Structures are given as C-alpha cells and as structure tokens.
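Everything below concerns the one structure shown next.
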Amino acid sequence: MKEVLETNRIDAAPGPAVLLVEDDAALGRLMTTLLAEAGYRSLTIADHDEIEAAILRFDPSCVLLDGELGPAGHARSWTDAAAIGRAHPDLPVVMFTADADAVAEERAGTSRRSLDAAFAGVVPKPFVIDEFLATLRSAIGAAAPNVDAAATVVAASTATAEQTKTDVWSAAVHDLTTPLATISGQMQLARKLMADDPVRGRAAVDIALQQLERMSRVIARLPDVLSLEASALSFEVVTFDICEAVGDAIKRRDHREATRMRFDRPKQGIDVRGDPDRIAQLLDDLLTNAVKYSPSATLIDIAVTSILGEAQVRVEDYGLGVAGEERDRMFTAYFRTLRMRALAAAGLAPDDGQPSDEDRGRLWLEDTTDSGSVFAFSLPLAD
C-alpha cells in the first residue's frame, strides 16, 4: 500500500481527530487552521485513493470528504463514502462539496447512492464556519449507521450506470467554487481575528485576495474553453524565445517553490512560433502540478532542447506519478484527474505519433512511475 504523500497534521490540538480529503492546497490549509482553532487534530490528504491508508494510520473520529470528480465526471464522494462505511461502519463521513445538486440529494436522503453512502452530514462550499463546526460536532457525536453489505454491492454495480461525462459548465463551477470557499472562510476567519490578532487577520485577508486573483484567472479562461468546445479557438502566433518564457514562468512561482526548480537551458535562446500567452498558461499549469504532486523536499527539473526543427520543453518531478488507468485519457475533453486538473488551451495537440494540425506543436506524457512523471511539449522553431 502506498504511503500517504500529501499531509498536514496538527498534533498540539487535544481533541478528536479529523481526516480531511481535499485536493486544493489553499482550502486544505484553511480547514486545518479552523480545525486546530476548534480543538481538533487533523490530517489532510489530496488523493482519494489514499483514504484507507490514512484511516489506518491516523485513526480519525470523522472523515470530511471532498466531492472530487472521477474519470467519467462523476463525484467520487458517494462511492468513497460507501467504501468507508463497509470497511469502518462506525466511522462517520461528512460530505464537503460545491455541488448544490449533491447537497440537495444528500439532504433528501432518498436516492440509492445517498442511502449507500450514509453520510453523517453535509457541508456545502462556500461554508459558514459556525455551521461547519456544528455539523462536525454532530457527526462525531453520533455513530454512522451500519450499511447493509448486500445493498452496497448493488450500489457498486449500478454506480457506473449513473456516471455521466461532466460538461464544461460543471468543470468551471468546480474550479470557481473551490477558491470561493477559501475566500469565504478566510474572510470569516479575518473578521474573528482582527480585534485580537490583527497580524493573522491581515494574513487571512491576503490569502483571500490571492484566491480572488485565482478566480479571475479561471474566469478569464472560460471563453477559451468555450471556444475550444466549439472548435473556434483563435491564436496570436508570433516569434518568441521559449527559454525566456520558461524562465519567466519559474520566476512567477513562490520563492520557496522556485528554489526547488533546476532549469537546464542552452546558452543561446531558442526562438519558436506560437501564442506566448497560452504557452505561459501551459507552463504555469505544468509547474503547479509538479509542485503540488511531489514532496516538498524534492527537486523539479525543467529542460529546454532543440531537435529536428522543434523546441522541446520537459518538466520532470519526483512525486506521485500518473495512475495507469488515467494515462490514455488525460488529454481527452473534460477528463479530470488528480495529476492533471486542466491544462490551459495552449493550442497543442496530444502526441499520438502523427503530425499535429498546422504544425502547432505537441503535448504528451513522456514517462511516469510511482516515483515521478515527465510531461513535455514542443513548438516549431522560428524560421
């Protein structure tokens, strides 16, 4: 069984233990702070596949389960909660989701999957701190109901029939409501802290402002996503130095992150043809994923080379790798994976061994193991 790789534990708090399954780092840090303030010990993991290992390791009193989207666009929280119920029938699980329909379905409690999941409560995103803590206290105070084993077997077999491919709007809602939940929580925290601890209060406001910028970037990309769906993307193709573009992307990282990055580049720049704004977005996404899914003590190697009429950029990390079942689908429309949330619409074609349309460049997963991945893209050299 793989080790739980992304954790954030607070040992000083004396109260019950809470396992938080949340892949957004900023929201995870906020929830850890709120739990510690309320007297809970906490462990945060990003990967739903590591839930069982985390339960055995941490022995939580409650699981706060984010509604991550699975490969076919379905919310994994239902099947994950049912699996937890079968293995640990006395462990309460609380749904933590931005999906209003899921909140309504769970609160109604009449659907097959809501009965199988047997959530002890639901916390919608954005959330009110006091209501969130009240839901958590209520869940821990009452044991989760036992789930009939035969019923859950039926649920597992019928879950696939309920899975439908997510559309562009559900993906956009997911990407917008997560930072919105962080903003809401941080502003509530700031309001509580301003009088007695203005330094921490201002820090909470700063984090909220950072998440507002993140939302602005997501909103700015929506026209591109819609145009991509309509096969109507437009590009401003110009000549630019790809080495300089990579260097600028590294500089945009937090200083602590940038110090982890080793940049291997030729002494002379390499001029390519492409849309520099979209390539900048692509580089930001690749570096963000490399940082997010590799241990903080490991390095990230970025290399730029020139070969056979094109420039190639490789980003190599030493982290989780990409699950085998995801590798063939990760560049298909709407496919959402822990390892690659959503690469920017950079005008690059998935590399299937064939020349890309209009020679606009290629994007591919070059290598992946349990100890890391190499993502790469290419652009044609300028004449």
* Structure fact -> Residue pairs within 8 Å by beta carbon, gap of at least six or interchain, first lying in the stretch 186-214 and more than 12 Å from ARG29 (Cβ to Cβ), second outside any helix (DSSP H, G or I) and not β-branched (Val, Ile, Thr), listed first then second, are GLY201/MET194
* From ARG107, ARG86, grab the single residue that is over 24 Å from the mean Cα position of the chain (by Cα) and modelled with pLDDT of 90 or more. => ARG86
* Within the stretch 74-98, considering residues that are in a helix (DSSP H, G or I) and of a type in the set (D, E, K, R), the one surrounded by the fewest Cβ atoms within 10 Å (Cβ to Cβ) -> ARG86
* **Residues located in the stretch 53-76, provided they are at pLDDT 85 or above and either among the hydrophobic types (A, V, I, L, M, F, W, C) or farther than 25 Å from ARG137 by Cβ (or both)** => ALA53, ALA54, ILE55, LEU56, PHE58, CYS62, VAL63, LEU64, LEU65
* To do: Output the qualifying pairs, or none if there are none: Cβ atoms under 6 angstrom, residues six or more apart or on different chains, first residue in the stretch 75-102 and more than 20 Å from PRO60 (Cα to Cα) and touching a residue at least 60 places away in the same chain (Cβ under 8 Å), second residue charged (D, E, K, R) and surrounded by 20 or more Cβ atoms within 10 Å (Cβ to Cβ).
  => ALA98/LYS125
* **Wholly enclosed helices (runs of 4 or more DSSP H) of the stretch 239-297 bearing at least 2 residues on the phi < 0 side of the Ramachandran plot and hydrophobic (A, V, I, L, M, F, W, C)** => 242-251, 276-292
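The values are calculated or read from the model by the stated rules, or taken from the named source; none is laboratory data. Remember, it's a predicted structure, so these values are computed and weren't measured experimentally. Using ideal geometry, Cβ is built from the backbone for each residue, glycine included, and neighbour counts are taken over all protein chains shown.
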